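Structure record follows, encoded as structure tokens.
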Amino acid sequence: MPVTAAAPRTHWSPDFDALRRQDPELAGLVLAELERQSTGLQLIAAENFTSPAVLAALGSPLANKYAEGYPGARHHGGCELVDLAERMAVDRAKALFGAEHANVQPHSGSSAMLAAYAALLRPGDTVLAMGLRYGGHLTHGSPANFSGRWFSFTGYGVRRDTGLIDYDQVQALAREHRPAAIVCGSVSYPRHPDYAAFREIADDVGAYLIVDAAHPIGLVAGGAAPNPVPYADVVCATTHKVLRGPRGGVILCRAELAGRVDRAVFPFTQGGAQMHTVAAKAVAFGEASAPAFVAYAHQVVANARALAAALAAEGLSVTTGGTDTHLITADVSGLALEAATARGRLAAAGIVLDVCGLPHEAAHGLRLGTAAVTTQGMREPEMARIGTLIGAALRGAGRDGGLRGEVARLAAGFPVYAPYPGHT
Ligand SMILES: *Cc1c(COP(=O)(O)O)cnc(C)c1O
């Protein structure tokens with residue numbers, strides 16, 4: 001159906017039938033992806049299932065609004081209502097995390113990190129962050145990323161015997177390299193960082209402390225992980241991981257850094273804010289303030305502990321011996337398997353997770369998390385079942401396709417979204 005100036009006006013609400021009529025090919029992809037998400041086990045540690053309310057805000061006419069600048073100081077007219085939406089998101093984020101200031105405009109976690117560096121550093125400055133092979137993120141100094149190109153990164157690691165951050169090493173490296181900033185955060189570290197220790201080390205050398213809480217911020221919101229806000233100069237986070245909001249970033253900081261952080265987001269590193277996403281962040285922060293989210297966050301951790309124990313019983317070697325968070329990393333070499341082969345066997349069974357580097361090992365391991373399956377309503381008994389299914393798939397039991405059906409039956413017992421009418 002061609003869109004013309006005379007096209008009939010339709011209701012604005014996210015209307016999947018409109019997409020099916022306009023673009024059946026793309027609509028078919030959406031339905032197939034919905035089916036993929038709901039018939040397998042989504043164990044990618046950074047993923048979750050966001051609520052229908054968040055999806056409705058994302059599919060709203062706020063997507064049409066240009067809003068460069070900040071509430072009350074925009075470069076465009078007609079921003080009165082989106083200003084209110086952004087103020088709601090900011091106020092809810094500040095209240096949720098006890099922060100003096102929040103910027104809810106970063107398009108992603110990486111954009112938030114870019115803005116944090118832009119707010120506090122000059123190109124060429126030295127930064128101390130977790131080394132990439134130990135669990136640092138691309139934005140922590142990868143040569144393939146702006147961070148590694150524009151700043152001089154030094155990496156700290158984890159102890160060979162325990163897998164835990166070695167704070168003596170962090171302090172020694174800080175004293176040796178005198179970084180302008182220290183970054184605390186990881187894509188795979190399954191334990192709580194000692195934010196007070198990082199603060200002390202940063203103060204000792206006069207460095208800023210940037211906490212990249214992209215992964216644990218949802219646990220923080222639910223009171224299931226320590227809050228870095230009182231310790232950090234700037235906290236960067238994503239809104240789409242355990243926090244369960246729309247894809248995006250958020251920055252929290254003290255009032256005195258508010259102006260620098262805001263200017264670093266707009267106009268320095270971004271243009272107009274995505275007001276539909278900002279509104280969806282407001283919805284997600286509201287959801288995360290409710291008692292049900294406290295229960296959710298604690299169940300995420302309980303599930304991760306149960307799953308880690310189940311994986312250990314299947315012969316995987318769990319890094320640090322367990323987890324305090326939603327994250328698990330595990331070595332599969334005890335099963336005489338390469339991580340890539342392991343991921344392939346699991347994928348064939350409908351179990352989706354990542355491969356990641358392992359500290360002090362040449363081999364890669366598996367990285368998984370429990371945020372999405374917990375949103376589905378799964379609890380400890382299902383984690384034990386998932387551990388058994390993973391063990392069976394890794395031993396090659398799924399090669400006849402038998403496990404795929406079992407995984408689908410387990411997932412079908414915990415539906416996330418109502419099926420689309422007429423779609424089977
Ligand atoms: C996920 C993640 C990011 C980046 O988030 P994107 O939204 O993918 O840009 C940054 N830092 C850490 C530690 C992360 O885990």
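Here are the numbers for the structure shown:
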{"quantity": "Qualifying position, being modelled with pLDDT of 95 or more, of a type in the set (A, V, I, L, M) and open to solvent by 30 Å² or more (accessible area, probe 1.4 Å), among Val352, Val332", "calculated": "Val352"}
{"quantity": "Matching option when the condition is more than 25 Å from Ser51 (Cβ to Cβ) and in a loop (DSSP other than H, G, I, E, B), among Gly315, Gly344, Gly391, Gly334", "calculated": "Gly315"}
{"quantity": "Meets criteria (more than 28 Å from Arg133 (Cα to Cα), in a helix (DSSP H, G or I), more than 12 Å from the ligand (Cβ to nearest atom) and in contact with a Gly (Cβ under 7 Å, 6 or more places away or on another chain)) for Ala258", "calculated": "no"}
{"quantity": "Residue ID - nearest to the ligand (Cβ to nearest atom), chosen from residues in the range 203-215 that are closer than 20 Å to Arg254 by Cα and in a loop (DSSP other than H, G, I, E, B)", "calculated": "Ala214"}
{"quantity": "Selection within the range 77-105 - open to solvent by less than 70 Å² (accessible area, probe 1.4 Å), in contact (Cβ under 8 Å) with a residue 60 or more places away in the chain and outside any helix (DSSP H, G or I)", "calculated": "Gly98, Ala99, His101, Ala102, Asn103, Val104, Gln105"}
{"quantity": "Residue tally, condition in a loop (DSSP other than H, G, I, E, B), away from the ligand (no atom under 12 Å from the Cβ) and among the hydrophobic types (A, V, I, L, M, F, W, C), over the range 216-255", "calculated": "4"}
{"quantity": "Tally, over the range 140-155, of residues that are touching a Phe, Trp or Tyr at 6+ places or on another chain (Cβ under 8 Å) and more than 16 Å from Ala180 (Cβ to Cβ)", "calculated": "0"}
{"quantity": "Sole exception among (1) touching a residue at least 24 places away in the same chain (Cβ under 8 Å); (2) open to solvent by less than 60 Å² (accessible area, probe 1.4 Å); (3) assigned to a helix (DSSP H, G or I); (4) touching a Phe, Trp or Tyr at 6+ places or on another chain (Cβ under 9 Å) for Gly136, by number", "calculated": "(3)"}
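The values are calculated or read from the model by the stated rules, or taken from the named source; none is laboratory data. This is a predicted model, so every value here is computed, not measured. For neighbour counting, all protein chains shown are included, and Cβ atoms are generated from backbone atoms with ideal geometry for every residue, glycine included. Surface accessibility is based on the protein's heavy atoms, side chains included, excluding ligands, DNA and RNA. Shrake-Rupley method; radii C 1.70, N 1.55, O 1.52, S 1.80 Å.
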